[in-house]
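The values are calculated or read from the model by the stated rules, or taken from the named source; none is laboratory data. As the structure is a prediction and not an experimental result, all values here were calculated from the model. Using ideal geometry, Cβ is built from the backbone for each residue, glycine included, and neighbour counts are taken over all protein chains shown.
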Amino acid sequence: MVNNIAFIYLTAFSKAGGIEQFNKNLMTSIHQIKPNSVAISLYDTTVDEKYFPQKSFKGFAGNKIAFLFSLIFSARKHQVYLIGHINLSLAAFIIKFINPKAQFLLMAHGVEIWPKQKRFAHWLIKSATQIFSVSQFTKSTILINNPSISSNKIKILHNSVDPYFNYPISFTKPNYLIDKYHLNTNDKLILTTTRLSSDEQYKGYDAVISIIKRLNNEFGPVKYLIVGKADDKELDRVNKLIKKEQIDDNVILSGFVPLHELIDHYLLADVFVLPSTGEGFGIVLIEAMACGLKVIAGNKDGSVDALLNGELGTLINPSDTIQLYNSINNLLQNNKSQPLDIQHRMKEHFSYPIFKKNIQLLLTDL
């Protein structure tokens with residue numbers, strides 16, 4: 001196994017999302033497996049030391065010149081570089097120019113690496129010793145759009161929940177959130193957790209909004225809670241859509257929710273829905289299942305991996321609102337699924353110990 005590893009990445013602690021969670025998991029793993037590993041971030045300024053030691057970390061708060069100079073001066077110090085994102089291909093090229101013996105392991109996530117790659121990005125996917133893809137969908141898409149890449153070069157490395165994820169043992173709905181969102185005991189609650197971005201309108205909450213009135217007529221009170229930070233442009237667009245559908249009383253936009261409250265929001269819901277078309281993997285899907293929640297996701301992206309081709313949840317065509325409606329309808333009426341069973345099946349595939357074991361095997365293969 002390699003002994004001298006440097007992880008070069010964008011963000012893990014200064015933002016929240018699936019890639020950031022993957023990076024936290026990776027940093028924790030490589031530190032536990034190889035304690036002499038270092039991490040260098042373009043955007044983070046500090047780390048949480050329960051994941052990775054501050055003494056082995058450098059962060060540059062977005063200062064690209066300082067970041068690149070740091071890589072130039074340290075390029076000969078490491079055998080293997082884990083490149084956390086395709087957008088760091090120029091940094092990898094500079095390292096290789098200075099240290100021709102350096103090996104690169106590239107992390108492949110979602111929308112940025114799916115298209116045909118050009119210039120430095122194309123060089124990196126060709127030059128990398130291995131590419132670790134978060135899903136079979138991402139792997140297949142890379143191969144379709146970059147046919148010169150060998151399939152054997154790309155290994156699957158699914159994401160996992162946080163190493164310190166606090167798995168609930170009780171699945172009672174939190175009273176403080178019932179009060180906060182003015183819910184009644186007979187309300188059915190559908191949940192989506194996602195960033196609401198005007199640049200990422202592929203998450204599928206529009207489709208859910210479009211069927212809420214019909215679900216409300218079918219079941220009585222149905223609420224749709226969307227948890228996540230929104231930019232101003234997208235927030236305005238979504239609010240206009242809600243008013244157009246005349247469901248102001250049925251849709252709740254919570255905004256940002258701190259991490260320590262997120263599990264309680266999963267526990268509050270009856271069904272989790274993310275009919276996305278652009279997930280590299282879908283970390284929120286496995287988080288929801290870790291909280292015993294029934295899930296519905298789209299079958300056109302990496303969500304297929306997160307639900308094990310439908311073994312762990314319901315996969316639908318995200319463009320088919322009739323199928324979406326029927327799937328939500330079925331799960332709201334079906335009380336057979338036990339939260340503890342859902343949690344247990346998720347842990348068998350996507351718990352942090354599984355992630356760490358896979359990292360160790362992949363590094364050993366080098």
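What the table shows:
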read-out: Enumerated helices (runs of 4 or more DSSP H) restricted to region 204-268, each holding at least 1 residues that are farther than 20 Å from Asp179 by Cβ and hydroxyl-bearing (Ser, Thr, Tyr); value: 205-219
read-out: Inter-residue pairs, beta-carbon under 9 Å, first over 23 Å from Ile286 (Cα atoms) and free of Cβ contacts under 8 Å to residues at least 24 places away in the same chain and in region 126-139, second of a type in the set (S, T, N, Q) and surrounded by fewer than 22 Cβ atoms within 10 Å (Cβ to Cβ), 6+ apart; value: Lys126/Gln117; Lys126/Asn146; Lys126/Ser148
read-out: Leading residue by the ranking (surrounded by the most Cβ atoms within 10 Å (Cβ to Cβ)) among those in region 72-98 that are in a helix (DSSP H, G or I) and of a type outside the set (A, V, I, L, M, F, W, C); value: Ser89
read-out: Output for region 47-71, where each listed residue is exposed (fewer than 15 other Cβ atoms within 10 Å of the Cβ) and within 23 Å of the chain's Cα centre (by Cα); value: Asp48, Glu49, Lys50, Ala61
read-out: Odd one out for Lys223 among (1) touching a helix residue (DSSP H, G or I) at 6+ places or on another chain (Cβ under 9 Å); (2) basic (Lys, Arg); (3) over 16 Å from Asp187 (Cβ atoms); value: (3)
read-out: Filtered residues of region 64-98 (kept if aromatic (Phe, Trp, Tyr) and within 25 Å of Leu362 (Cα to Cα)); value: Tyr81, Phe93
read-out: Positions within region 152-179 being more than 29 Å from Thr28 (Cβ to Cβ) and out of contact with any Leu (no Cβ under 6 Å at 6 or more places or on another chain), in sequence order; value: Thr172, Asn175, Tyr176, Ile178, Asp179
read-out: Count - residues of region 115-129 that are within 16 Å of Asn145 (Cβ to Cβ) and surrounded by fewer than 20 Cβ atoms within 10 Å (Cβ to Cβ); value: 7
read-out: Filter result (surrounded by fewer than 22 Cβ atoms within 10 Å (Cβ to Cβ) and closer than 29 Å to Ser276 by Cα) within region 99-109; value: none
read-out: Considering residues of region 183-202 that are closer than 23 Å to Ile322 by Cβ and at pLDDT 90 or above only, the residue nearest to the chain's Cα centre (by Cα); value: Thr194
read-out: From the options Leu183, Leu191, Leu177, residue that is within 30 Å of Ile354 (Cα to Cα) and either crowded, with 18+ Cβ neighbours inside 10 Å or of a type outside the set (S, T, N, Q) (or both); value: Leu191
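The rows are residues; the columns are (1) in the same structural domain as Ser29 (by TED's automatic domain parsing); (2) over 18 Å from the mean Cα position of the chain (by Cα).
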site	(1), (2)
Tyr266	no, no
Leu274	no, no
Met289	no, no
Ala306	no, no
Leu315	no, no
Thr321	no, yes
Leu332	no, yes
His344	no, yes
Asn358	yes, no
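For every residue, the table says whether it meets (1) surrounded by fewer than 20 Cβ atoms within 10 Å (Cβ to Cβ); (2) on the phi > 0 side of the Ramachandran plot; (3) not in a strand (DSSP E or B).
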| position | (1), (2), (3) |
| --- | --- |
| Ala6 | no, no, no |
| Phe22 | no, no, yes |
| Ser29 | no, no, yes |
| Thr45 | yes, no, yes |
